[in-house]
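Student: Attaching a single structure in structure tokens format; questions to follow.
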Amino acid sequence: MTDRFWTTPNQVTLLRLLFVPFILINVVDGNYDWALGLLVAAGLSDGLDGLLARVLHQKTLIGQYLDPIADKLLLSSLFLTLSFVHEIPWRYTVLVFSRDLCILVVAAVLYSTAGLRDFAPSIFGKLNTFSQVAAVFFVMLLEVHSRPWVAFGRKAFLYSTFVFTLASGIHYVFLTGQRLRSAEQKRSA
């Protein structure tokens with residue numbers, strides 16, 4: 001078990017988790033250039049751990065859970081912190097947190113009551129994550145480089161985060177219903 005935990009991709013994911021407090025500290029201190037640089041480094045590490053897992057044939061179950069946890073921790077804490085410093089309106093943060101909390105609670109209930117374990121992200125979930133990453137990036141970039149195209153990117157990605165958060169949440173409800181019906185049919189067959 002410990003051998004599977006300490007694979008190179010998992011170590012890169014754990015390194016990404018270490019970036020989180022330093023990014024947040026720099027945001028709170030108004031050092032957006034450093035925060036942005038660390039965010040880019042965290043993003044590169046996210047791509048690197050997936051690449052290493054495939055190339056080194058070190059895909060692990062713990063890595064499949066650890067990677068999205070690291071992503072969610074980074075994004076959720078950034079949305080929260082950027083709202084506290086008045087860079088992201090609270091309505092976006094509340095929506096993002098509400099969706100994630102609902103998914104977490106439903107997944108825990110389905111796992112404990114029906115034994116469902118397949119919670120692979122949908123295309124809407126992936127688009128939502130991309131929108132969130134881009135929104136956070138452009139919010140911080142606007143603090144470093146105040147340009148009209150950056151302000152447009154900030155606005156566009158905050159709106160797309162709103163849309164894809166709702167769409168992925170609704171889609172998740174439909175997928176969960178399908179998975180529950182499928183599980184019921186297998187049990188009754």
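The values are calculated or read from the model by the stated rules, or taken from the named source; none is laboratory data. Treat the numbers as computed from the prediction; the structure is a model and nothing was measured. So basically every Cβ, Gly included, is an ideal-geometry build from the backbone, and we count neighbours across all protein chains shown.
Student: Kindly indicate whether LEU51 is hydrophobic (A, V, I, L, M, F, W, C), buried (at least 16 other Cβ atoms within 10 Å of the Cβ) and either over 19 Å from MET140 (Cα atoms) or at pLDDT 80 or above (or both).
Tutor: Numbers: hydrophobic (A, V, I, L, M, F, W, C): yes; buried (at least 16 other Cβ atoms within 10 Å of the Cβ): no; either over 19 Å from MET140 (Cα atoms) or at pLDDT 80 or above (or both): yes.
So LEU51 does not fit the description; no.
Student: Right, here's the next one. What are the residue pairs meeting all of these: first residue in region 38-67, first residue touching a residue at least 24 places away in the same chain (Cβ under 8 Å) and β-branched (Val, Ile, Thr), second residue part of a helix (DSSP H, G or I) and surrounded by fewer than 19 Cβ atoms within 10 Å (Cβ to Cβ), Cβ atoms under 8 Å, and 6 or more apart or on different chains?
Tutor: THR60/ARG4; THR60/PHE5; ILE62/ARG4; ILE62/PHE5
Student: Given the conditions (1) outside the structural domain of ALA41 (by TED's automatic domain parsing); (2) within 23 Å of GLY43 (Cα to Cα), and given that THR81 satisfies all but one, which numbered condition is not satisfied?
Tutor: (1)
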